[in-house]
1. When the helices in the chain are scored as -39500 (n - 2.57) per DSSP H run of 4 or longer and the sum is shared across all residues, what 222 nm value do you end up with, to the nearest 500 deg cm²/dmol?
2. Residue 174: which aspartates and glutamates have alpha carbons under 17 Å from its alpha carbon, excluding same-chain residues fewer than 8 sequence positions away?
3. Relative to the longest principal Cα axis of the chain, at what angle does helix 197-206 sit, 0 to 90 degrees, rounded to 10?
4. So how tilted is helix 456-465 from the main axis of the chain? Cα-based, degrees 0 to 90, rounded to 10.
5. Can you give the Rg/Rh ratio of the range 339-465, where Rg is from the C-alpha atoms and Rh is the Kirkwood radius?
6. What does the convex hull of the Cα atoms of the chain come to per residue, in Å³, rounded to a whole number?
7. Excluding residues fewer than 8 places away in the same chain, name every one of the lysines whose C-alpha is closer than 23 Å to that of residue 84.
8. So what is the relative contact order of the range 34-123, in percent, for Cα pairs below 8 Å that sit 6 or more residues apart?
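None of the figures in this text is laboratory data; all of them are computed from the coordinates on show. Just so it is clear, the structure is predicted and the values come from calculations on it, not from any experiment. Glycine gets a Cβ as well: all are built from the backbone with ideal geometry, and neighbour counts include every protein chain shown.
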Amino acid sequence: MVTLGENRDYEELLHVYEECLESKEMIEAAFESAYEGIIITDPRGYVRMLNDTYAEFLKVKVEDAIGRHVTEVVENTRMHIVAKTGKAELARVQKIRDGNMVVHRIPILKEGKVVAVVGKVLFQDVRELHALSARVLQLQEELEYYKGELIKHLGVRYGLEDIIGCSPKLKEVKAMARRVAPSDSTVFISGESGTGKELFAHSIHRMSRRSSGPFIKVNCAAIPETLIESVLFGYAEGAFTGAAKGGRKGKFEMAHRGTIFLDEIGELPLTMQAKLLRVLQEKEVEPVGAVHPVKVDVRIVAASNRDLRKMVRDNRFREDLYYRLNVVTLSIPPLQERPEDIPELVGHFLEELGREVGIHVAGVEPDAMEALVGYRWPGNVRELKNVLEQALHLTEGDRIRQEDLPVHVARGKSRVRLPFTLKEAVEDAEREAILQALKVHAGNRERAIHMLGISRSGFYHKVKKLGIDL
Ligand SMILES: Nc1ncnc2c1ncn2[C@@H]1O[C@H](COP(=O)(O)OP(=O)(O)OP(=O)(O)O)[C@@H](O)[C@H]1O
């Protein structure tokens, strides 16, 4: 007679048995449908399980293999050895039927003792592995290429390490840039033309948490006044005759989740200054002709070589915008104030230019270096780079000589290259004319441009090229 207690035990046993059966079926199904060949032996090396994939590969029947010693079933096997050593052998090459396959041999341990060994065929032919690794290598190369393209597309090319110079003044600015970069604060970079303001703007973006977002540069001086608004804020479809279908995004929208670099911000017309202020306050832009404003998440880095404070006093720059922009200011000292940076910059540029133009020199003669360090550099680092490029083309030996330098740089020194070239004479005359025009009009660029009879962009192009400090 079965008691009530015994009946409950029996039911529980039955339940556990059913669960075990279900698990076993699940494991067997997974085992059979596995893509890789799998074999399991007991601790003595006798085959306990073998899936169809492996059996097919070995050209044996599953039921024939089970119960036999693994050495009789698989060529060059080491499963029985792993059963003894208890040490896994991973990704080993094993020769089977004239092919090299890649296998894992893994001991299953229970309380420190081997209870089974699992063998797994990862690749039925080692060439598959080679093909895979070649593919991974190719993908890695592609990834590197696209990373480079992305960086180019995002517009960031420079980091703090590209800013050469160890003078205390420059080091101080670099330290400041490092400190402000991680925050979202608006940064204003002031400094004469060619001092490296753009390099600092790139570096700040690169060190910020927005570094994987876009970096969009806008040269406020180079955009015709009539286009500035649509360039900065975009326009809606049909906003004006000739407007692109679907409208166009402005630079602010392009810089969403990144940084916008407003270079030469002092050149922004007053009407646009008011609109920019609104963007800074509301964090949204209004595309020309659009019904609704668009939210933008943009960090602003602005730069100018002008004395904005003086412009505020002269009512040519909005005071409220000035204070909004001046949350953090980086002031880059002119090269003249840090002559100790010159030798390092010279070495850096000779190497860089050497690669670019294919003319290599060992260095600079001492008297030429003296001239370079003693020169006033109104065009700052940009001018130094241009002078060195010119000298590289002229030099005959393996060192830049004093006579290879333009006359205005070497001036005052005993040996001057004479006669200097017509191009230099023209540039000297152009420099003189521009400076005169600015002087006559008390620094008012628009009037100077008018007097010179050249275009606005032509003027700025020449100013940059000739190293004129505005
Ligand atoms: N410290 C530096 N180390 C290396 N290169 C520099 C450094 N400073 C400036 N340069 C180089 O000088 C040139 C001018 O620099 P950059 O355009 O950043 O100056 P900028 O102050 O933005 O000029 P601008 O006001 O005319 O736009 C670039 O070729 C830049 O790479």
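1. -14500 deg cm²/dmol
2. 161, 162, 192, 198, 337, 340, 341, 344
3. Tilt of helix 197-206: around 20 degrees.
4. Approximately 80 degrees, to the nearest 10.
5. Here the Rg-to-Rh quotient is 1.02.
6. Value for the chain: 331 Å³ per residue.
7. 95, 110, 113, 120
8. Working: 197 pairs, mean separation 26.9, N = 90.
Taking the mean separation of contacting Cα pairs over the length of the range 34-123, I get 30 percent.
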